[in-house]
Amino acid sequence: MTRLALAALLALAACDNGDATPDWSRMITQPKLLPYGESDLFADQRAMRPVPAGTVARGWIADPARRTGRTAAGDVAEIPLPVTRALLDRGRRRFAIVCATCHGTAGDGDSAVARNMQRRRPPSLYEPRIIALAPGALYRVIADGYGLMPSYAKLLEPDDRWAVIAYVRTLELSRTARLDALPPQIRDEATRALPGGLPGGRP
């Protein structure tokens, strides 16, 4: 008798309570308009509506040169943003996060990752062929990838790419620029920053 009672209880517990109310907490059962579906809310019965005139995507950059690194004439020859200390600092931070892993913190291609790569190592950013590249060409390498380097478009938004390029140009100048070619104020600041001043005891 006890077994029969337990079986009856289990059978009752397994029965549906008859409540037909859908579970709206689950997104799969929530009422919604699907792409390319129909809707009685609109005269044309289309659920998917055209965007209002003038609508642009969040983060959209209207200037094609700034957005793509190219113009009708080819690769952008100048960084299309004011190169300020803030932009360089932004580029330095992004470079340290995204680029230094392979190219090294100094940009010379010496990093733990590079030293353990079995295939071709990342190049030094001080190679003449890289220094000769236009900013727009560097932009496209970051956005599209090149060789073994993948695209970093998902990690660096357009203005971050320009910031990194500005910082890379700064690194290149730090290795290649002649002190006597700098503007007087910057030359004086650089001279004061050198330990012991200029070689040969010059002021």
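What follows draws every value from the coordinates through simple rules; no lab data is involved. Worth saying up front: this structure is predicted, and the values here are computed from it rather than measured. Note that we place each Cβ from the backbone using ideal geometry, even for glycine, and neighbour counts take in every protein chain shown.
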* **Cα-based equivalent ellipsoid, region 83-190: semi-axes from gyration tensor eigenvalues, Å** => 24, 17, 13
* Asked: So if we plug the beta-carbon distance of E157 and R26 into 1/(1 + (r/R0)^6) with R0 = 25 Å, what FRET efficiency do we get, rounded to 0.05?
  -> 0.10
* Structure fact -> Percent relative contact order for region 83-190, counting Cα pairs under 8 Å at least six residues apart, stands at 30 percent
* Once amide H atoms are placed 1.01 Å from N in the peptide plane, what residues at a sequence separation of 5 or more from T71, or on another chain, have their amide H within under 5 Å of its amide H? -> V76
* Asked: Among 99-109, 55-65, how do they line up from the highest to the lowest mean number of other beta-carbon atoms within 10 Å?
  -> 99-109, 55-65
* Label-point gap, in nm, between I131 and R58 - each point 7 angstrom along Cα→Cβ -> 4.2 nm
* To do: Could you tell me the largest-minus-smallest coordinate of the C-alpha atoms of region 31-158 on each of the three principal axes, in descending order and whole angstroms?
  => 63, 34, 28
* Based on the mean of other beta carbon atoms within 10 Å per residue, what is the order of 76-82, 164-170, 128-134, most packed first? -> 164-170, 76-82, 128-134
